[in-house]
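A quick write-up on the structure given underneath.
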Amino acid sequence: MRDPDVLVIGSGLNGLVAACRLAKRGLSVWVLEESPRRPGGSLGSEALTQPGFVHDVGTAFFPFAQTSPAFIELELERYGVTWLRAPIESAHPALDGSCASILRDREAALRSFGDERDGKRWQTLADWYARAEPRLLAALLDSPGIARLLRVGLANAWHLGRLVLRRSVALSRKLFQGEAARRVLPALGLHLGVGPDDGFGAGYGALLGLATSNGGNAIPRGGARSITNALVTILEAHGGRLRLGTRVDHILTDRSGAVGVRTEHRDELRAKRAVIADTSEAAMYLRLLDERWTPRRVRRAAGSPQSWGTFKLDLAISGPVPWVADAARKSAVVYAAESVADLRAFTEQVMRGRLPERPCLFVGQQSLVDDARATRNQHTLHVSTRVPMQLELGWDSTREAFADRIVARIEALAPGFGRKIMSRSARSPADLQERNESSRSDASLRWRTRPSVGALLHSYDSRTAVPRLYLASSDAHPGVEVHGMCGYHAARACLREL
């Protein structure tokens, strides 16, 4: 069998996007996936609790579903992806009965943000974002470059600067009067791995909230696996090949750069043109490459310890969650946090390596609008929170007790919830990392691939220190969030240099 033009390591969203884009341009592409069962990595769905219940194993909501250039170019809807949306994008209830919500409906949004003054302030931001979104996305999702940033325009750059140059707590206090509204942006930021008091962190939560107020928290019918299935179909329709059960242990190099890979079974696969890695920076630089290719400063940055991880709890429940807050009963995502002080205390405990006493939760309710997720009017629930990556006593002795703490947290906001639980599946950061090494939860804040004048001016941010080797994971520009643009840029950089 002839060697392919390009080998792609990993079949996560970004790896498949890169592979599809190259295959559509006429290159022969093989995608190598470690899992023997399925492609997709964290972009997948499985029966984690019991038969008939479909749970997304990682990525669950897609705020850039119909605005990401990667998704638009690949025309996922033609290959079976159907996007669904809940009446409310996110709800932020508290025990005191207050609840701020984000909606796409402008008039309803004015009344949903805690009080009328805060609703008007939020809607003023949302109106600006709706007008500026095409320019903003071109700058934020496209490859970094001075010319692209200038295209945002002075007025939009000023508004954007007000958001990104602050801490999320400081921005919330400046914008809003009520506690219900003030806890929204810090909670959204935590979802992306940004603490309430992290410098320059306000933009992450603000832009996520504004994007969902405009385009919604899109839910793929049947689970995230429908996106993976569509991408594999596109790949194979254009002559590409997916190989499951193929773990790459080493990237082969010579004087010209990357020339192929070696698998765990010592098989050597050659690439005539390039290698693309949909892995974390740490995996690529510290595990897959010879040390001679990696400058010391790069190894230090790629191997820096991860500050926190994700704990995930999936549940099969006999009916919808009986939230006290009516908005939460109609919301795609529910954020459980009492106040800014609560979010700060939670973050401090996690950063000190302690399990949070009152976990701030991100609760996904996909089955409210997707009847393919469960059977007989039953439901699934997708719950996650931030925790330390490692515990002194280890996760094996702590996992289920912490899951009980999460259930109690929901029960306080939804009395009777515990009686609806039919089965559950709890996974610690170690469990999640074992299943998928394509990205890190704090990738949005980390150093990216090699900084250079060329990368700044010519938008080659996906290039690495090794010629013919490109990084396609969310450790490359534009970072976390599910838009496929990291793989899109890796393919573009590869095509330009070819």
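The values are calculated or read from the model by the stated rules, or taken from the named source; none is laboratory data. Being a predicted model, the structure only gives us computed values, none of them experimental. All Cβ positions, even for glycine, are placed from backbone atoms using ideal geometry, and neighbour counts span all protein chains on display. Heads up: the accessible areas ignore ligands, DNA and RNA and are worked out on the full protein's heavy atoms, side chains in. Shrake-Rupley method; radii C 1.70, N 1.55, O 1.52, S 1.80 Å.
Side notes on the structure shown:
- Per DSSP, loop GluC sites (Glu not before Pro) in segment 218-306 with at most 12 further Cβ within 10 Å: E264
- Cα lying deepest toward the dipole's positive end in the chain, options P39, G484, G257, charges on Cβ: G257
- By the helix-only formula, in which each DSSP H run with n ≥ 4 contributes -39500 (n - 2.57) and the sum is divided by residues, the chain has a 222 nm mean residue ellipticity of -10000 deg cm²/dmol.
- Using Cβ point charges alone (K and R +1, D and E -1), the dipole size of segment 130-286 about the Cα centre works out to roughly 420 debye.
- Exposure of R166 as accessible area (Å², to 10), given a probe of 1.4 Å and all protein chains: 80
- Whole-number accessible area per residue in Å² for the chain, which is evaluated in the context of all protein chains at 1.4 Å: 40
- For the chain, relative contact order (Cα pairs under 8 Å, six or more residues apart, normalised by length) works out to 24 percent.
- Surrounding net charge for S318, when Lys and Arg each add one and Asp and Glu each subtract one, Cβ distance under 12 Å: +3
- In the chain, a dipole from Cβ-located charges (positive for Lys and Arg, negative for Asp and Glu) runs towards its positive end, and of S473, A401, V169 it is S473 whose Cα lies farthest in that direction.
- Protein heavy-atom surface of the chain, 1.4 angstrom probe: 49% of the accessible area is carbon and sulfur, with nucleic acids and ligands not counted.
- Candidate cross-link partners of K120 among the lysines, defined by an alpha-carbon separation under 24 Å and a same-chain spacing of 8 or more, comprise K174, K330.
- Distance between the pseudo-spin-label points of R419 and S397 (7 Å out from Cα toward the beta carbon): 3.6 nm.
- Other residues with beta-carbon under 14 Å from the beta-carbon of A237 carry, at +1 per Lys or Arg and -1 per Asp or Glu, a net charge of +3.
- Label assignment, Rg/Rh (Cα atoms, Kirkwood Rh) derived from the structure, set [x] 1.16; [y] 1.01; [z] 0.95: [z]
- The charge dipole of the chain, taken about the Cα centre with unit charges on the Cβ atoms of Lys, Arg (+1) and Asp, Glu (-1), comes to about 980 debye, rounded to the nearest 20.
- Computed from point charges on the beta carbon alone (+1 for Lys and Arg, -1 for Asp and Glu), the dipole magnitude for segment 1-137 about its Cα centre is near 360 Debye.
- Full-extension gain in nm, A138 to E264, via 0.36 nm per residue minus C-alpha separation: 41.4 nm
- Which of A327, L235, T347, positive extreme of dipole for the chain (C-beta unit charges): L235
- Cα centroid separation, segment 64-98 to segment 2-44 (Å): 24
- Sequence-distant lysines (8 or more away, or on other chains) whose Cα lies within less than 19 Å of K312: K420
- Cross-link partners of K272 among aspartates and glutamates (Cα-Cα below 17 Å; sequence separation of 8 or more within a chain): D3, D5, D254, E497
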